[in-house]
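Input: a single structure, listed below in structure tokens.
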Amino acid sequence: QVQLVESGGGLVQPGGSLRLSCTASGSIGVILDIGWFRQAPGEQRELVAHIPRGGGTNYANSVKDGFTISRDNAKNTMVLHMNSQKPADTAVYFCNARVAAARDGRLGDYWGQGTQVTVSS
């Protein structure tokens, strides 16, 4: 099994910045795709940013000018830097990883527990 633990959410004023972190632990062979998703009240979960296994980055149009996703493979950690935040960024943020298990290479999709981000004055 693999566990993803997030940290770094909270309250920030419009125009401010937050940093979310997500660390994976457990039976990890290789972490392939990683991503951050968010879900606002009454809305469906949406992709915010993504690093596919082949490299590069993808962002939702609404965040591409202010958010940066990165990963540290040695530490099994992914980070989302959020700058120039807007009230529309208010949501619960979830990290996601596709992982090949250490024992047999079996692929699994795993989610963090979610962390609340509130952008408000």
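Rounded to the nearest 5, what % of DSSP beta bridges with both residues in the chain are antiparallel?
For the chain, the DSSP antiparallel bridge percentage is about 95.
Rolling a 1.4 Å sphere over the protein heavy atoms, what is the accessible area per residue of the range 17-96, to the nearest Å²?
Averaged over the residues of the range 17-96, the accessible area is 51 Å².
Would you please put 15-25, 59-69 in order of how densely packed they are, using the mean number of other Cβ atoms within 10 angstrom per residue and starting with the highest?
15-25, 59-69
Give me the Kirkwood hydrodynamic radius of the chain, using the inverse of the mean 1/r over all pairs of distinct Cα atoms, in Å to one decimal.
Roughly 14.5 Å, rounded to one decimal.
Over the chain, what is the mean sequence separation of C-alpha contacts under 8 Å (at least six apart), divided by residue count, expressed as relative contact order in percent?
37
Which whole-Hz ³J(HN,Hα) couplings does the range 73-86 yield from phi under the Karplus relation 6.51 cos²θ - 1.76 cosθ + 1.60, θ = phi - 60°, glycine and proline marked x?
Going residue by residue, I get 5, 5, 9, 6, 10, 10, 10, 10, 8, 10, 10, 6, 6, 10 Hz, with x marking Gly and Pro.
Evaluate the Debye formula for the range 22-74 with equal point scatterers sitting on the alpha carbons, no solvent, and hand back log10 of I(q)/I(0) at q = 0.32 Å⁻¹, in q order, two decimals.
Values, matching the q order: -1.32.
Highest GNM mean-square fluctuation, the chain, Cα pairs closer than 10 Å: which of 106, 98, 53?
Residue with maximal mean-square fluctuation among 106, 98, 53: 106.
Taking the Cβ of residue 15 as the centre, find all other residues whose Cβ is under 15 Å away and add up their charges (Lys, Arg: +1; Asp, Glu: -1).
For residues surrounding residue 15, the net value is -1.
If all Cα-Cα distances of the range 56-101 are sorted into 10 Å bins from 0 onward, what percent lands in each bin, rounded to whole numbers?
Whole-percent P(r) values from 0 Å outward: 20, 53, 23, 4.
Excluding residue 82 itself, what net charge comes from residues whose Cβ is under 9 Å from its Cβ, given Lys and Arg +1 and Asp and Glu -1?
0
Could you derive backbone 3J(HN,Hα) for the range 22-39 from the dihedral phi with the Karplus parameters 6.51, -1.76 and 1.60 (θ = phi - 60°), listing whole Hz in sequence and x where the residue is Gly or Pro?
Each residue's phi maps through the Karplus curve to give 9, 10, 9, 8, x, 7, 9, x, 9, 8, 8, 5, 10, x, 10, 10, 9, 9 Hz.
The values are calculated or read from the model by the stated rules, or taken from the named source; none is laboratory data. All figures in this text were calculated on a predicted structure; none of them were measured in a lab. We place every Cβ from the backbone using ideal geometry, glycine too, and count neighbours over all the protein chains shown. When the accessible area is computed, the model is the full protein with side chains, heavy atoms only, and any ligands, DNA or RNA have been set aside. Shrake-Rupley method; radii C 1.70, N 1.55, O 1.52, S 1.80 Å.
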